Amino acid sequence: MLKIKHTAKKGYGLFATEPIGCCDFIMSFFGKEMPYDQAPPVALQVGLKTALLPDLQCQLRFLNHSCEPNCAVGVKEKEFYIYAIRSIEEGEELTINYNTSEFNLIDCDCNFECNCGSHSCIKYIKGYSHLNIDQQKAIIHICLPYLREK
Ligand SMILES: C[S@@+](CC[C@H](N)C(=O)[O-])C[C@H]1O[C@@H](n2cnc3c(N)ncnc32)[C@H](O)[C@@H]1O
Ligand SMILES: [Zn+2]
């Protein structure tokens, strides 16, 4: 269903090997929870002080950011997973918006210049706390619960 491939400007990325329907469950983030301040950049922030470090075998380590993503992170009974937020064609790269999970990427020196190439690209990805109110409102429906509750 998924394949890891090199991209032109973002290192490796994760690609669909078959069409995926809107809202389909794609894969769980399997790994271990750890304190955010000890987590490496590949970890997914899941709470203000908590991150989830995907196992080495977990392909979601290669999920890149897009300012117009086709996937989002969901959570059910403490299990984090990704699902499609629109239909995805075979061969398309799977992406999420990192600002829907990461609060402050400047803190850990993990901010980066965005090469997503979308029309609405915001150019620098620094985390949810660096977005203006309109940018926060535009993504709040796909943000992780700890950000929606803020
Ligand atoms: C979880 S890794 C994703 C996999 C990564 N591309 C790799 O080859 O290991 C996150 C890192 O990928 C890069 N990245 C992800 N999305 C990007 C984007 N839209 N533009 C530029 N770099 C991106 C950044 O360096 C980011 O810190
Ligand atoms: Zn972008």
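The values are calculated or read from the model by the stated rules, or taken from the named source; none is laboratory data. Just so it is clear, the model here is predicted, and its values are computed rather than measured. Neighbour counts run over all protein chains shown; Cβ positions are idealised from the backbone, glycine included.
Among all residues of segment 13-24, there is at least one that is under 17 Å from the mean Cα position of the chain (by Cα), modelled with pLDDT of 95 or more, within 16 Å of ligand 2 (Cβ to nearest atom) and under 26 Å from ARG86 (Cβ atoms). Within segment 70-98, being within 11 Å of ligand 1 (Cβ to nearest atom) and in contact with a helix residue (DSSP H, G or I) (Cβ under 8 Å, 6 or more places away or on another chain) holds for one residue alone: ASN97. Tallying residues that are surrounded by 12 or more Cβ atoms within 10 Å (Cβ to Cβ), touching a Phe, Trp or Tyr at 6+ places or on another chain (Cβ under 9 Å) and either under 28 Å from THR17 (Cα atoms) or at pLDDT below 95 (or both) within segment 113-129 yields 2.
Looking only at segment 26-72, filter to residues that are of a type in the set (S, T, N, Q) and assigned to a strand (DSSP E or B); which one of those is surrounded by the most Cβ atoms within 10 Å (Cβ to Cβ)? Talk me through it step by step, then tell me what you get.
Residues of segment 26-72 that are of a type in the set (S, T, N, Q), as a first pass: 28, 38, 45, 50, 57, 59, 64, 66, 70.
Of the ones still in play, those that are also assigned to a strand (DSSP E or B) are 28, 45, 50, 64.
Details: SER28: 15, GLN45: 26, THR50: 15, ASN64: 20.
Only one residue fits best here, namely GLN45.
Within segment 121-137, the set of residues being over 25 Å from THR50 (Cβ atoms) and of a type outside the set (D, E, K, R) comprises CYS121, ILE122, ASN132, ILE133. Applying a threshold of 9 Å to beta carbon distances and a minimum spacing of six or more residues, or different chains, the list of pairs starting in segment 126-139 at a residue that is in a loop (DSSP other than H, G, I, E, B) and ending at one that is of a type in the set (Asp, Glu) reads LYS126/GLU102; GLY127/GLU102; GLY127/ASP107. If you scan segment 43-72, which residues turn out to be touching a Phe, Trp or Tyr at 6+ places or on another chain (Cβ under 8 Å) and among the basic types (Lys, Arg)? Hit for segment 43-72 is LYS49, nothing else.
Can you say whether ASN132 is modelled with pLDDT of 95 or more and surrounded by 14 or more Cβ atoms within 10 Å (Cβ to Cβ), as far as the supplied structure shows?
On the way: modelled with pLDDT of 95 or more: yes; surrounded by 14 or more Cβ atoms within 10 Å (Cβ to Cβ): no.
No: the conditions fail for ASN132.
Hey, any hits in segment 42-61 for a residue that's more than 17 Å from the chain's Cα centre (by Cα), modelled with pLDDT of 95 or more and within 19 Å of ASP107 (Cβ to Cβ)? For segment 42-61, residues more than 17 Å from the chain's Cα centre (by Cα), modelled with pLDDT of 95 or more and within 19 Å of ASP107 (Cβ to Cβ): present.
So that you can scan it fast, the table gives a plain yes or no per residue for (1) touching a residue at least 40 places away in the same chain (Cβ under 8 Å); (2) more than 10 Å from ligand 1 (Cβ to nearest atom); (3) touching a Lys or Arg at 6+ places or on another chain (Cβ under 9 Å):
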site	(1), (2), (3)
LYS3	no, yes, no
PHE15	yes, yes, yes
CYS22	yes, yes, yes
PHE25	yes, yes, no
GLN38	no, yes, no
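Scan segment 140-150 for residues that are in a helix (DSSP H, G or I) and either exposed (fewer than 12 other Cβ atoms within 10 Å of the Cβ) or acidic (Asp, Glu) (or both) and jot them down. Explain how you work it out, then say what you get.
Step one: of segment 140-150, the residues in a helix (DSSP H, G or I) are 140-142, 145-148.
Hits for segment 140-150 are HIS141, PRO145, ARG148.
When LEU44, LEU53, LEU60 are checked against the criterion of being in contact with a Pro (Cβ under 9 Å, 6 or more places away or on another chain), of a type in the set (A, V, I, L, M), more than 29 Å from LYS137 (Cβ to Cβ) and within 13 Å of ligand 1 (Cβ to nearest atom), LEU53 stands alone in meeting it.
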